[in-house]
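Here is the structure we will look at, set down as structure tokens.
The values are calculated or read from the model by the stated rules, or taken from the named source; none is laboratory data. All figures in this text were calculated on a predicted structure; none of them were measured in a lab. Cβ placement follows ideal geometry from the backbone for every residue including glycine, while neighbour counts extend to all protein chains displayed. Note: areas computed on protein heavy atoms with side chains; ligands, DNA, RNA excluded. Shrake-Rupley method; radii C 1.70, N 1.55, O 1.52, S 1.80 Å.
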Amino acid sequence: MTVAKEYASFELMAAAGARELKDGEIVAVGLGLPVVAAFLAKASHAPNITILLELGVVDPEPLEIGVHGLSDPRIWYRAKIHASFVDMLGAVLHRGLVDVGFLGGLEIDAYGNLNTTLLGDPKGKFRRFTGSGGGNDIASSARRTVMIMRHDARKLNEAVSFITSPGYLRGDGERSALGLTGGPSRVITDKAVLGFDPESKRMKIESIHPDTSLEDVLENMNFKPIVPDDLPITEPPTEEQVRLIREEIDPKGNYA
Amino acid sequence: MTKVTTLSEAVASIPQGAHVALSGFATARCAMAFAHEVIRQDLKELTVSQCVGAMDADILAGAGVLSRIIYGGGSRGRTGQHFCLNRAIEQGTIIAEEYSSLSMAFRYLAGSLGLPFIPIRSLQGSDILKHVQEVAPDTTGTITDPFTGDDWLVLKPLSPDVAVVQVQVADEEGNAQILGPRWENEEQVKASKRTIVITERLVSTEMIRREPDRTLVSGFRVSHVVQLPFAAHPSSVFQAYDFDEAHIDLYAKASKTAEGFQTYLDQYVYGVKDHWEYLEKVGGMQHLNSLIADPLLGY
């Protein structure tokens, strides 16, 4: 595996996201970069993962991923099953069979709670965004959740302004007390890969990306994550992964 | 008995203030021709429900038709937010009862099965639940599982007055087939008091009987059948036509402001007499022909 000589930030994020998926797992995929990461995993180290799209699509093999997110028929191509929400989010996810939920986010906090509903502006007015879709359902019922988002101090806060999808809530067993198992396992940004401390459930840096520094990572967060003594560098994408993204998964560069 | 009628008669059967479940998902199988006619007939105070916000709900919200939306959030993917819906919610002109995709699907499912409530794991610990408890306090509750003693969040069923479902194929009785993923359309139809079917193609009942495993909507649930081509334009209909990217971009830009949206309405909804004139306006047969789906790809 040759490391790619040049790659875009989103390609490194997709590769880091793909790495979180193990072969054979069932993956519920949300809107945005998670789609690229899931198809990258399937095209490389995890050919036997089953990709689910919430609206009722199982294991598609698209020729291109399209621009309209999950509602774009390009992403339904060659699926094994065309079904429904009740089938996907009900009989697979709510039933407890989804190994990994893969979500994009607008804002996330120290305990992995995700906001995709609204953001406040400096004038105290709120702007509405997408809301939940299947995001809340996936974060509530998947065995673990991986999230991909921009590394931006306005989006990485001690507490989110609106909990759309629950992480560990305020820590201290608050999530499991509600009967929710699972929870966030990784947050992949354009500067670092973060995880969660098994005890406190607070966010913890796992690795920082090449060409960035710990200072840069911390300066662009609005809370203090746990910083381990030994801090590895995130593995960059391989040449083959970059080729797969550019030539096979997103040939029209919709995500570039 | 034939239920085939005109779009204008089907829309005229809906009273002011009704709860209408719409079949769209973001930019797919949106009941656009239906929504345009609702706007032209000046229906008011409607409640609209669907799992994921779609272009049919957005245009109704922009035109001031809605007083309430019951949905699970949603956007047009990379072409942006549902600006009309978001603006109306931010300005408080419509009340948003906002859940998640599965909670909406479960509410329809409970309605379709005639159940009094349905337990769900979703929403717990979230601000979505807190918000719903404020704007619609009678739709959630808790119950103790009599078998295990566990506590569960429960949701109230949804029973819309009418489901409006955009399909590919139906017969004159309303037996209808949906090709491709069907999101929550089957549960919407089964939970609603009656259904209006908008179909791209009208076929004989004999054709329905040849592929009965594809039939999702039973004729006995249907009050009106309307056949119109490209009735979901600019959204897509799997195996019939692709979305119209240029027109969706035009809609996205126009709907960013209330003024821009009004211009869009004046041009494409109020400025045309009916769906046929709309199809001419958006480019006519030559343009629409370029959207027809490749049967292998489905788009």
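Its relative contact order, with pairs defined as Cα atoms under 8 Å and 6+ residues apart, puts chain A at 22 percent. The angle between the Cα long axis of helix B:101-113 and the main principal axis of chain B comes to about 90°, on a 0 to 90 degree scale. Classified by the C-alpha gyration tensor, segment A:3-55 has an oblate form. Its axis ratio a/c, with a ≥ b ≥ c, is 1.5 or above, and a/b does not exceed b/c. Per atom type, segment A:212-256 shows carbon and sulfur on 47% of its accessible surface, probed at 1.4 Å. By DSSP, the beta bridges lying fully in the protein assembly as shown are antiparallel in about 40 percent of cases. Mean sequence separation of contacting Cα pairs (under 8 Å, at least six apart), scaled by the length of chain B, corresponds to a relative contact order of 19 percent.
For chymotrypsin sites (Phe, Trp or Tyr not before Pro), the sites in segment B:103-180 that DSSP calls loop and that have at most 15 other Cβ atoms within 10 Å are B:PHE147. From the cross-link list A:LYS22/A:LYS80; B:LYS156/B:LYS190; B:LYS44/B:LYS281; A:LYS224/B:LYS130, which pairs have alpha carbons spaced over 23 Å apart? Beyond 23 Å between Cα atoms: B:LYS44/B:LYS281; A:LYS224/B:LYS130. If you wrap the tightest convex hull around every Cα atom of segment B:116-155 and split its volume per residue, you get 63 Å³. For B:LYS253, the aspartates and glutamates whose Cα comes closer than 16 Å to its Cα, not counting residues fewer than 8 places off in the same chain, are B:ASP58, B:ASP244, B:GLU245, B:ASP266. Loop-located trypsin sites (Lys or Arg not before Pro) in segment B:18-77 (DSSP state not H, G, I, E or B) with no more than 16 neighbouring Cβ atoms inside 10 Å: B:LYS44.
Using a cut-off of 13 Å between beta-carbons, work out the net charge of the residues near B:LYS193 (Lys and Arg +1, Asp and Glu -1, B:LYS193 not included). Net charge in that neighbourhood comes out at +2.
Remark: relative contact order (segment B:81-131) = 32 percent; criterion is Cα-Cα distance under 8 angstrom and separation of 6 or more residues.
Packing here is the average count of other Cβ atoms within 10 Å per residue, and on that basis the peptides A:184-192, B:78-86, highest first, run A:184-192, B:78-86.
Sparse packing (at most 16 other Cβ atoms within 10 Å of the Cβ) combined with a DSSP loop state is found for the following trypsin sites (Lys or Arg not before Pro) in segment A:1-54: A:LYS5, A:LYS22. Note on segment B:74-140 and segment A:71-94: Cα centroid distance 20 Å, given to the nearest whole angstrom. For the protein assembly as shown, the solvent-accessible area works out to 38 Å² per residue, with a probe of 1.4 Å and every protein chain left in place.
Using Cα atoms only, what is the angle between the long axis of helix B:245-254 and the major principal axis of chain B, expressed in degrees (0 to 90) to the nearest 10? For B:245-254 against chain B, the angle is about 70 degrees. Summed over both chains, the area buried between A and B is near 4200 Å², taken from the accessible surface of protein heavy atoms with a 1.4 Å probe. Going 7 Å from the Cα of A:GLU235 toward and past its Cβ, which residues in segment A:182-206 have a backbone nitrogen under 16 Å from where you end up? Counting only backbone N, you get A:193-194, A:206.
Note on chain B: helix-only mean residue ellipticity at 222 nm, from DSSP H runs of 4+ residues weighted -39500 (n - 2.57) and normalised by residue number, equals -9000 deg cm²/dmol.
Taking a straight line from the alpha carbon of A:LYS5, these lysines sit under 24 Å away, with near neighbours fewer than eight places off in the same chain left out: A:LYS42, A:LYS191, A:LYS252. Listed by chain and number, the aspartates and glutamates whose alpha-carbon sits under 15 Å from that of B:LYS193, ignoring those within fewer than 8 places in the same chain, are B:ASP161.
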